[in-house]
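Worksheet: one structure, shown below.
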Amino acid sequence: MFIKSIEITNFRNLNSVSAELSPAINIFYGNNGSGKTNVLEAIFVLCLGRSHRAATEAVMVNRDSEYYHIEGEVQLDGSPQQLAVAYQRGGRKQVSLDRVPIKLSELYENLCAVSAGPEDSDIIAGSPSVRRTFVDIYLSQFSRTYLSDLTNYYKVLSQKNAALKSEIDPDPFNQLLVEYGASIMVARAKFLASLAALTVDYYRKISGGCAIGIEYRPSVAVEPGSAVEEVRRRFTEKLASRGEQEQILKASVVGPHRDEVYFEINELPARTHGSQGEWRTAAISLKLAVYHLLKKERGTEPILLLDEIFAELDQQRAQALIEAFEGFGQVCLTTALDPPDSLRQGSRSFRIEDGAIVGSD
């Protein structure tokens, strides 16, 4: 799977950008603020219908326009198909494949993409919600069932919280929260256990031998091999024990929306003891591990989007990272500097200025 060409209209500062992409490495370079990061974001939106930066639709529309439109020719299952994602202010997002409207969730079935950038340091050092979002974006690409459970869980959670605020009995919602929530936590436990092993290996290679640890800390006790039925029982018991607290706080305090993922570097808490370079290395290692899990599970090579990944990495780690690219499919990356010679070989380069491609080779 790869994107053969892309046309971007009225997306952030990109008024009208089109590019014929290489199935291997594509480098977008230019000054900070030129729009190269927006190109990667547009590619991610084309693949999954949402921003990897958690931006709202209105924010992504060019400030002088009322809509954005992203269209690309995508090689899927050996044949080219036309994919498009569009949004108009005040309206709904529209997605089509070969000019036929499809549901947003169907993008997750047809395409997969992994994005890494400066904001990913927040996965290690930011709030728990950032880590949950990371897990949800990529686990949803493994399983449509997970995506469905997640969507349903948050709908029910919203209804329960509304009942709590209105001092209405929230118990009728708990059964559904348990049903969807237990499946979510079991899937997260399995996913993070698989992810941890690969991340450890990548981090060791890029950092030159340092160690990283990942631990899933769910709201309800769950292990990678836990049966859904057992997790449902534990979830039900914990909801019952926290019922009075929820009534006082007028908010649901138990469930996957309160899960945490803990990281440590060299046996110290990464969030409080890690450096910027260590956070970046950890986040990149995490995303490369996700890539290979997706490749194994989906049987296709995801599109890999790398935004300013060399920032805050020393020369040794940067070179180790370049060497790690071997074995990947289509890669799109940005850099504020001229691309290294070791990356230029067999790649296409695009120079970005003021939201436009002004040169390519």
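Quick one: in the stretch 161-182, of everything that is small (Gly, Ala, Ser) and open to solvent by 30 Å² or more (accessible area, probe 1.4 Å), which residue is farthest from GLU229 (Cα to Cα)? Result: SER166. Residue count for the stretch 129-174 under the criterion of being under 21 Å from GLU260 (Cα atoms) and outside any helix (DSSP H, G or I): the result is 1. Kindly indicate whether LYS155 is over 15 Å from the mean Cα position of the chain (by Cα) and open to solvent by 40 Å² or more (accessible area, probe 1.4 Å). For LYS155, the condition - over 15 Å from the mean Cα position of the chain (by Cα) and open to solvent by 40 Å² or more (accessible area, probe 1.4 Å) - is met. A single entry from GLU237, GLU179, GLU223 fulfils the requirement of being modelled with pLDDT of 95 or more and closer than 20 Å to ARG132 by Cβ: GLU179.
Screening the candidates ARG99, ARG132 for the property of being of a type in the set (D, E, K, R) and in contact with a His (Cβ under 8 Å, 6 or more places away or on another chain) yields one hit, ARG132.
Among the residues of the stretch 31-44, just one is within 14 Å of ALA19 (Cβ to Cβ) and either assigned to a loop (DSSP other than H, G, I, E, B) or of a type in the set (Ser, Thr, Tyr) (or both), namely GLY35. Out of curiosity, is GLY209 in a loop (DSSP other than H, G, I, E, B), open to solvent by 70 Å² or more (accessible area, probe 1.4 Å) and among the small types (Gly, Ala, Ser)? Considered against the rule, which asks whether it is in a loop (DSSP other than H, G, I, E, B), open to solvent by 70 Å² or more (accessible area, probe 1.4 Å) and among the small types (Gly, Ala, Ser), GLY209 comes out as no.
Tell me yes or no: at least one residue of the stretch 193-214 is in contact with a Phe, Trp or Tyr (Cβ under 9 Å, 6 or more places away or on another chain), of a type in the set (Gly, Ala, Ser), free of Cβ contacts under 8 Å to residues at least 24 places away in the same chain and farther than 21 Å from ASP136 by Cβ. Within the stretch 193-214, not a single residue is in contact with a Phe, Trp or Tyr (Cβ under 9 Å, 6 or more places away or on another chain), of a type in the set (Gly, Ala, Ser), free of Cβ contacts under 8 Å to residues at least 24 places away in the same chain and farther than 21 Å from ASP136 by Cβ. Summed over the stretch 212-259, the residues that are within 15 Å of GLU179 (Cα to Cα), open to solvent by 30 Å² or more (accessible area, probe 1.4 Å) and among the β-branched types (Val, Ile, Thr) give a count of 2.
The set of residues in the stretch 1-11 that are open to solvent by 10 Å² or more (accessible area, probe 1.4 Å) and in contact (Cβ under 8 Å) with a residue 60 or more places away in the chain comprises MET1, PHE2, LYS4, SER5, GLU7, THR9. How many residues does the stretch 287-319 hold that are open to solvent by less than 30 Å² (accessible area, probe 1.4 Å), under 16 Å from LEU337 (Cβ atoms) and outside any strand (DSSP E or B)? Residues in the stretch 287-319 being open to solvent by less than 30 Å² (accessible area, probe 1.4 Å), under 16 Å from LEU337 (Cβ atoms) and outside any strand (DSSP E or B): 3 in total. All of (1) in contact with a Leu (Cβ under 7 Å, 6 or more places away or on another chain); (2) among the acidic types (Asp, Glu); (3) in a loop (DSSP other than H, G, I, E, B) hold for GLU223 with one exception: (1).
The values are calculated or read from the model by the stated rules, or taken from the named source; none is laboratory data. Keep in mind the model is a prediction, meaning the values are calculated, not measured. Cβ: placed from backbone, ideal geometry, glycine included. Neighbour counts: every protein chain shown. To get the accessible areas, we keep the full protein, side chains included, count just its heavy atoms, and leave off ligands, DNA and RNA. Shrake-Rupley method; radii C 1.70, N 1.55, O 1.52, S 1.80 Å.
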